[in-house]
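Each reported figure results from applying straightforward, stated rules to the coordinates on display, with no laboratory input. Just so it is clear, the model here is predicted, and its values are computed rather than measured. Ideal geometry is used to build each Cβ from the backbone, glycine not excepted, and the neighbour counts take in all protein chains shown.
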Amino acid sequence: MMIKRGLLLVVSCMLFLGLAACGKKGPPFLPKANPAYSVTHLMAEEKEGEVILSGHVSIPGGQRDGSGLIAGCMIYHVRYDMGDPPCEGCPIRYRLLKEIRGEVVTDDRFICKIPLSRKKGLHFFEVRLINESGETGPPSDNARLTLK
């Protein structure tokens with residue numbers, strides 16, 4: 001009697017695991033390569049209540065113009081008080097400020113205008129470009145803006 005119960009338990013477990021693992025398996029594939037469009041030499045300046053972010057676009061493969069391949073950007077921001085700046089080389093924890101869909105790249109130049117509150121302090125920005133598939137590229141270097 002004990003052997004029948006043990007055999008029934010083993011068969012039930014194998015059946016359950018076999019059914020749970022069942023499914024159509026496809027052939028292995030490599031994911032699409034995400035071109036590493038990125039912004040380099042990012043700069044931030046304040047003009048008339050707006051922050052103007054600008055920089056160069058690094059285009060892989062030797063292409064000269066990335067404007068048709070880039071659908072927008074994601075802008076990250078953080079503000080520190082003047083008396084409490086981050087240490088040199090310390091990591092900066094950015095928060096998403098805004099996602100912009102539209103033309104932000106012309107030839108190999110990045111430029112974007114965003115409104116920003118006039119809070120005094122050190123403002124840091126980082127940008128990630130978005131390609132036409134909606135994938136984001138690597139982060140840019142950071143840009144620093146001091147508002148007194």
Query raised in the report: What do you reckon, is Gly121 more than 20 Å from the chain's Cα centre (by Cα) and surrounded by 14 or more Cβ atoms within 10 Å (Cβ to Cβ)?
Result: yes
Query raised in the report: Would region 106-116 turn up any residue that is surrounded by fewer than 13 Cβ atoms within 10 Å (Cβ to Cβ) and outside any strand (DSSP E or B)?
Result: yes
Query - Unique residue being part of a strand (DSSP E or B) and surrounded by 13 or more Cβ atoms within 10 Å (Cβ to Cβ) when the list is Ser140, Ser54 - result: Ser54
Report task. Find the residue count for region 68-92, including only residues that are within 21 Å of the chain's Cα centre (by Cα) and not in a loop (DSSP other than H, G, I, E, B). Result -> 10
